[in-house]
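Working notes, beginning with the structure itself.
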Amino acid sequence: MSHEIEMKLALGETGPEHLLQHPLLRGGVHGAQRLANTYYDTPEGELEAARMALRLRRRDDSWVQTLKTSGEGGGGYSRRREWEWPVAGGSLDRAGLAELAPMAALGENVLARLEPRFTTDFERRLWRLELAEATVEVALDQGEIRAAGRRVPICELELELKDGDPQALWSLALAFAETVPLRPADASKAARGSALLNDHWKLPEGLDESERLHRAILALDALSDTGDDGWRATAREALQVLAENGHDEAGRLAAMLQQRDWLGVDFGRTALKLAHRLAV
């Protein structure tokens, strides 16, 4: 078992183009992979209810099984537990899952009823940055999520801490945000796949400030995948409450959301600064 510490950022339409021109990545791509993933759950969604995600990933000719549990964080930043091990033949290793405490707590009945629920297929380009305070793996993912005959695009940046100070993720995200249109994203690929499968997004009520920002970011994730402009209104409402509580950045973000082309570098910089302030 390990802890995954990462920052997830959704990219604007021209995000990949600007990212590839960023000075930190000019040394060239360190690796590229085509990743095909199948996510599993029970028909009733019991893993999702327990805030867990289970996937089988095919990478070249090998297969890896991963279980992730709920984490902590927000504003694109997350820290969560992760178990990962190779499996043979692309078959779910139920015996290995049974040995993990989070799965054992759900009972054998859940293990027996696990089935494929949705898939993701994307190209991942990788860079490994040796910074003064940390080593960070930068991953640009482009592809799609498929569920129930529907599909949504993947265009996101993941910054994963390999060693060092977690604050380096915030600094690196802000460095990219200077020239790349992006924003914090809180919905994982698993959460997006589940929402696509069920045609339903669930948002927290937003009772405190960090949860209020989480609600706003998830609403923007839902807007991106559904095209339903009602989610933009939901995000604006959550940000306006934060603005009333003295967070000027939230007011500026709410105003930007009134514009048609709101996802620019100013939005990303401001959102990251607000998320960082509420996270510390």
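The values are calculated or read from the model by the stated rules, or taken from the named source; none is laboratory data. Since this is a predicted model, take the numbers as computed values, not measurements. Backbone-built Cβ (ideal geometry, glycine too); neighbour counts: all protein chains shown.
For Ala95, indicate whether it is over 27 Å from Asn198 (Cα atoms), of a type in the set (A, V, I, L, M) and either more than 23 Å from the chain's Cα centre (by Cα) or surrounded by fewer than 17 Cβ atoms within 10 Å (Cβ to Cβ) (or both). If you could, list the steps in order and put the result at the bottom.
Details: over 27 Å from Asn198 (Cα atoms): yes; of a type in the set (A, V, I, L, M): yes; either more than 23 Å from the chain's Cα centre (by Cα) or surrounded by fewer than 17 Cβ atoms within 10 Å (Cβ to Cβ) (or both): yes.
Against the criterion (over 27 Å from Asn198 (Cα atoms), of a type in the set (A, V, I, L, M) and either more than 23 Å from the chain's Cα centre (by Cα) or surrounded by fewer than 17 Cβ atoms within 10 Å (Cβ to Cβ) (or both)), Ala95 qualifies.
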Failed condition for Phe267, given (1) buried (at least 21 other Cβ atoms within 10 Å of the Cβ); (2) over 20 Å from Ser210 (Cβ atoms)
(2)
Looking at Glu137, Glu156, Glu144, which one is acidic (Asp, Glu), within 23 Å of Ala235 (Cβ to Cβ) and touching a strand residue (DSSP E or B) at 6+ places or on another chain (Cβ under 8 Å)?
Glu156
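Run down Glu48, Glu44 and say which single residue is assigned to a loop (DSSP other than H, G, I, E, B) and either assigned by TED's automatic domain parsing to the domain that holds Phe176 or touching a residue at least 40 places away in the same chain (Cβ under 8 Å) (or both). Don't jump to the end; show me each part of the working.
Values: Glu48 fails: assigned to a loop (DSSP other than H, G, I, E, B).
Exactly one of Glu48, Glu44 is assigned to a loop (DSSP other than H, G, I, E, B) and either assigned by TED's automatic domain parsing to the domain that holds Phe176 or touching a residue at least 40 places away in the same chain (Cβ under 8 Å) (or both), namely Glu44.
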Name the residue, out of Ala101, Ala112, Ala147, Ala105, that is closer than 30 Å to Glu17 by Cβ and in the same structural domain as Gln33 (by TED's automatic domain parsing).
Ala147
Since Ile154 meets every condition but one in (1) closer than 23 Å to Leu35 by Cα; (2) under 17 Å from the mean Cα position of the chain (by Cα); (3) crowded, with 20+ Cβ neighbours inside 10 Å, which condition does it not meet?
(3)
Only residues that are hydrophobic (A, V, I, L, M, F, W, C), buried (at least 21 other Cβ atoms within 10 Å of the Cβ) and over 21 Å from Glu48 (Cα atoms): list them for segment 195-215, please.
Leu213
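Conditions (1) under 28 Å from Asp41 (Cβ atoms); (2) assigned to a loop (DSSP other than H, G, I, E, B); (3) touching a His at 6+ places or on another chain (Cβ under 6 Å), marked per residue:
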position	(1), (2), (3)
Leu174	no, no, no
Glu205	yes, yes, no
Glu211	yes, no, no
Thr234	yes, no, no
Gln240	no, no, no
Asp261	no, yes, no
Note down all Cβ pairs under 6 Å where the first residue falls in segment 78-100 and is within 21 Å of Thr119 (Cβ to Cβ), the second is aromatic (Phe, Trp, Tyr) and outside any helix (DSSP H, G or I), and they're at least six residues apart or on different chains.
Val87/Trp63; Gly90/Trp63
Confirm whether Arg183 is outside the structural domain of Arg232 (by TED's automatic domain parsing) and surrounded by fewer than 20 Cβ atoms within 10 Å (Cβ to Cβ).
no
